[in-house]
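The values are calculated or read from the model by the stated rules, or taken from the named source; none is laboratory data. Note that the structure is predicted; figures quoted are calculated from it, not measured. Cβ coordinates were reconstructed from backbone atoms using ideal geometry, including for glycine residues, and neighbour counts include every protein chain displayed.
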Amino acid sequence: MKRFFDKAEGTPLAWRKRWKVDLGSDGRPYGTSRTIRAWAGRTESSLALLVLLLGSILTPLLAQDPPRRKPVLIRADKTEEPEAEATIVTPNPLEASHHQKVGDFYFRRKNYKAAAERYRDAVLFDPKSPDRVVKLIRALEKLKLFGEAAQACEDYLERNPGAPQEEEFRERARKLQEKEQESG
């Protein structure tokens, strides 16, 4: 850095630093040189004044407690929610497949409650699929909710009369009701 007298502005001394400029193939610079000026004087006192000024402004802001947000439930428990109005869901096998895959993930990790919720959503989006109903029943059996599992069988039979697996679901519903009576 070199010391210059700045005649244009009439200020005493200023520090001036010139940056190198890349030259093109013709030897001329791509752009103009940049100049940074820092006024001569006591920079330590200027910095101290700046710190005091910022400290007096920021201290009251930092002393306040940050506003607390309510925690957000990712998936609310159905027992805590009030009865919602029945919504009409259009069948969507792609959405049902997604819910089934997530339910399989939970089932493999032995989180049967979450798996049952996902299988319920899968059955909601594809009510004619017996595989999804069977997976829902297995998850409910693991939770020892035999009454709900029997109800899932009966709901499938109501939605799909004359299904090829009708006898299989009737027999399964009967066994689940027997288990409900034994455990209940």
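Can you name the residue in the stretch 88-124 that is small (Gly, Ala, Ser) and surrounded by 20 or more Cβ atoms within 10 Å (Cβ to Cβ) and, of all such residues, is nearest to residue 140 (Cα to Cα)? Working first, answer last.
Pass one, the stretch 88-124, residues small (Gly, Ala, Ser): 96-97, 103, 114-116, 122.
Subset that is surrounded by 20 or more Cβ atoms within 10 Å (Cβ to Cβ): 96, 103, 115-116, 122.
Details: 96: 18, 103: 12, 115: 9, 116: 6, 122: 14 Å.
By that ranking, first place goes to 116.
When both residues are 6+ apart or on different chains and their Cβ atoms are under 9 Å apart, which pairs have a first residue that lies in the stretch 50-77 and is under 30 Å from residue 113 (Cα atoms), and a second that is modelled with pLDDT of 75 or more?
Listed by first residue and then by second, the contacts come to 75/114; 75/117.
Show the residue pairs meeting these rules: Cβ distance below 6 Å; 6+ apart or different chains; first residue within the stretch 146-174 and closer than 23 Å to residue 117 by Cα; second residue in a helix (DSSP H, G or I) and of a type in the set (Lys, Arg).
Close Cβ pairs satisfying both conditions: 146/179; 153/172.
Only helices (runs of 4 or more DSSP H) wholly contained in the stretch 14-130 count here; list those with 2 or more residues that are of a type in the set (Asp, Glu) and modelled with pLDDT of 60 or more.
Details: elements: 43-63, 93-108, 112-125.
By residue number, 93-108, 112-125.
Looking only at the stretch 97-144, count how many residues are under 24 Å from the mean Cα position of the chain (by Cα) and more than 21 Å from residue 87 (Cα to Cα).
Residues meeting the conditions: 15.
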